[in-house]
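Beneath this line is the structure, given in structure tokens, with notes to follow.
Readers should treat all values here as calculations from the given coordinates under stated rules, not as data from a laboratory. Bear in mind that the values here come from a model prediction, so they are computed numbers and not experimental data. In this analysis, Cβ positions are derived from the backbone assuming ideal geometry, glycine residues included, and neighbour counts consider all displayed protein chains.
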Amino acid sequence: MNEIKKMIPYLLAIATSFYLLPLLGSSTGDFMMIMLIVMPLTCFAISFIYGYKNGWSLLFPVTVGILFIPAIFIHFNSSAWVYIVGYAVISFAGVYFGKTFKK
């Protein structure tokens, strides 16, 4: 339970990027730029900080992937399902490199 409490601020930051950043887009090009560059960089950076401060956790990247599911229905279409795995992998890499960088 203590591990989940440590994750909450980081997950809220990632959820904010998943749900608020798409509001900045006004065209398909904007949405693609946000989904392919801004959101992955944000996800990686926040996951890196989490990994640096808290060490390794497999639950964190899995939760990041799950957090993206409602964003598909709110902002995107069914072709965005593949991004669930993508954001989970990016988060996995961020946590791993954050943990490794601390050592």
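The table that follows gives values for the structure above.
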| read-out | value |
| --- | --- |
| Nearest 10 degrees, 0 to 90: helix 82-102 Cα axis against the chain principal axis | 30 |
| P(r) tail fraction, the range 5-103 - alpha-carbon pairs more than 18 Å apart, % | 40 |
| Farthest positive-ward along the chain dipole, Cα basis, beta-carbon charges - from T100, I74, V89 | T100 |
| Helix axis angle, 59-75 relative to the chain longest principal axis, alpha carbon, degrees | 10 |
| Note, ³J(HN,Hα) from phi for the range 41-54, Karplus 6.51, -1.76, 1.60, rounded to Hz, x at Gly and Pro | 5, 5, 4, 5, 4, 5, 5, 4, 5, 4, x, 5, 7, 10 |
| Fluctuation leader among G65, G86, G29 - the chain, Gaussian network, Cα springs under 10 angstrom | G29 |
| GNM flexibility winner over the chain from I90, I37, I49 (Cα, springs under 10 Å) | I37 |
